[in-house]
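The numbers here are math on the coordinates, done by the rules we state, and not lab data. Just so it is clear, the structure is predicted and the values come from calculations on it, not from any experiment.
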Amino acid sequence: MPFQRKKIQSGDFNLTESDKEILLTIARQTIEEHCAHDIKHNLNPLDFSDTLKTKCGAFVSLHKKGKLRGCIGRLTGDLPLYKIVQEMAISAASHDYRFMPVEARELLDIEIEISVLSPLRKIDSIDQIELGKHGIYIEKGALNRSIPATGSY
């Protein structure tokens, strides 16, 4: 399961190498269970670090022989990160309209990339945005500016 190792920080949000390995394991096992029509959904929150329980967005991308095979994610998190990754893994494998659902016979050729967005935070000035580093999520209404930092591994 190859991935780029990058430190992802936003304030106190920081994924350790162990957290990254756990997320990749969750994604791979979930896709395997999904292809076998045997989803267990038996993830216990007590098994995860506080970081993996943080509500934030994430994308799961699947590649087969270097080509995109599926990619779906959420910009914001209404669930803990470990659960978002589980749901996005299923979605990337079976609900990306650009591709047919992933089949069990393809699993050995599938590489998984997970992009985690740090929790959104409100900013007070546009000067707090660093081009090339921060993403921006703007809500209509009162001035709400948020900067999720992103990292792929």
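Distance check, please: which entries in Lys40/Lys140; Lys53/Lys122; Lys67/Lys140; Lys64/Lys140 exceed 29 angstrom between their Cα atoms?
Working: Lys40/Lys140 39 Å; Lys53/Lys122 20 Å; Lys67/Lys140 36 Å; Lys64/Lys140 38 Å.
Over 29 Å Cα-Cα: Lys40/Lys140; Lys67/Lys140; Lys64/Lys140.
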Seminar exercise, completed: Rg (one decimal) and Dmax (whole number) from the Cα set of segment 1-141, in Å, equal 15.8, 51
For this session: Taking all pairs of distinct Cα atoms, average 1/r, flip it, and tell me the Kirkwood hydrodynamic radius of segment 19-93 in Å to one decimal place.
Result: 12.5 Å
Problem set entry | Kirkwood-based shape ratio for segment 91-134, expressed as Rg/Rh from alpha carbons | 1.24
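Which three numbers, in whole Å and largest first, are the semi-axes of the equivalent ellipsoid of segment 59-126 derived from its Cα gyration tensor as √(5λ)? Kindly include the intermediate steps, with their values, before the conclusion.
Numbers: eigenvalues 149, 29, 20 Å².
Equivalent-ellipsoid dimensions as semi-axes: 27, 12, 10 Å.
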